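Here's the structure we're looking at; comments come further down.
Here, each number is a calculation from the coordinates, and none is a lab measurement. None of the values given here were measured: they were computed from a predicted structure. Every residue, glycine as well, gets a Cβ built from its backbone with ideal geometry; the counts of neighbours run over all protein chains shown.
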Amino acid sequence: MESPLLNRRGSALLVVVGVLLLAAGVTAALLSVTRWRTESGRVLRASARAEAQAREAVERALAGWDGASATALPIGAAALLEDRRAPAGMGWLDSLQRLDRVTWLVSSTAELRRPDGSLTARAGVAAVVGPEPLPLRHDAAVLSDGPVGLDGPGGIDGADTVPDRWVCPPAIRDGAGLRLGPGAAWSGSCPGGSCLLGSPALAQETVAVAVPESLLAALGRRPALRIGGIVTGVGPAAAAGGGCGALLNWGDPGHPDGICGERFGLVWAAPDTRIEGGVGQGVILGAGRLELGGGLWFVGVVAAVGPVLVRDGAIVWGAVLSRAGVLVESGGSIRRSECGAARALLRTGQVAPLSGHGWFRRF
């Protein structure tokens, strides 16, 4: 007959073994959960890092935007962006696709890998981008906070001018020929004021009308075509390799569907720059006195801190802004062009994600 004591000891031993097995199972489960959480946290951190790297790559592409290369892409086409050195363990691939005339898709894919090459995380970020127009007024042929002089044939005309072959809305009603800031005045030698036209021909305003010097300085810090001294040879001649990126190639307003018809130059002119002859379109920013002559034809906006001289048959279609005054003489002329000015300000604007589209994750 078995002893009751032995039975009790056997039962206790079984209970102890069961408790130990249960504790071991719970411990193993806790360790498994801890490992899973640790690995999940590592993956989440890696995914966040990959997404941040991809977004940073898109932001760098926008900061270093190459307008000539972007507009050279046919609509619907895509191209890889320039390779950059990736951080250790990180690789990425950036691309640019042109959606229409003024819209692009910039995308970046970043991958984070372990030392053995296995993939830890992968993230793709993209942005639909387009230019934001430069904030320059163009509601008159000339806007000046200094004296304006008109001498001889040519002059200032506020009638809306649409460049030949441009696809624009029909010319709108005539605008102001000349807008003057407080205290500024104009003088002219043309009979009966025939060299100053518009509706109204002259508008005297109570606040400054030209671009603030601080804004011009800020725009001057952007990537731009920088010129100085006496400049000749401006025109749509193709650069080496057949592109339109040459320093003095500011587009071709006479052939908007041509190879350089979509190029608009953002030009920064040093003080006392004189541009002699040629053809161009875009925006010219003058850091001081600026002279246009020699039969230059320019479509867009000219804005300067110093006085602007338009002479010797030079023609500007768009708008001219100056803080120090404008002189038109010797057959020079300035004609307002809503389409020419608006398009130039748009095409030379800072590229940024579009409102309503902006950033999105691809995966």
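Which order, highest average first, do 113-126, 296-309 follow once you tally other Cβ atoms within 10 Å for each residue and take the mean per peptide?
Taking the mean over residues of other Cβ atoms within 10 Å, the ranking is 296-309, 113-126.
Please give the length that would be gained between E59 and S330 if that part of the chain were fully extended, namely 0.36 nm times their separation in residues minus their C-alpha to C-alpha distance (nm, one decimal).
92.8 nm
So what is the diffusion coefficient of the range 140-347 in µm² per second by Stokes-Einstein at 10 °C and 1.306 mPa s, using a Kirkwood Rh over Cα pairs?
95
Apply 1/(1 + (r/R0)^6) to the Cβ-Cβ distance of D257 and S199, taking R0 = 35 Å, and write down the FRET efficiency to the nearest 0.05.
The calculated FRET efficiency here is 0.65.
Once label points are set 7 Å from the Cα along Cα→Cβ at both A217 and A185, what is their separation, rounded to one decimal in nm?
For A217 paired with A185, the spin-label model returns 3.2 nm.
Round to the nearest 0.05 the FRET efficiency obtained for I230 and W359 when R0 = 45 Å and r is the Cβ-Cβ distance.
FRET efficiency, I230 to W359: 0.50.
Step through the residues of the range 73-80 one at a time and calculate ³J(HN,Hα) from phi using the Karplus curve (6.51 cos²θ - 1.76 cosθ + 1.60, θ = phi - 60°), rounding each to whole Hz and writing x for Gly and Pro.
5, x, 4, x, 7, 9, 8, 6
What distance in nm separates the two pseudo spin-label positions at L44 and L247, each 7 Å out from Cα along the beta-carbon direction?
Each label point lies 7 Å from its Cα, and together they span 5.5 nm.
Applying a 10 Å radius around every beta-carbon, put 50-62, 195-207, 67-79 in order of their mean neighbour count, most first.
Averaged packing, sorted descending, gives the order 50-62, 195-207, 67-79.
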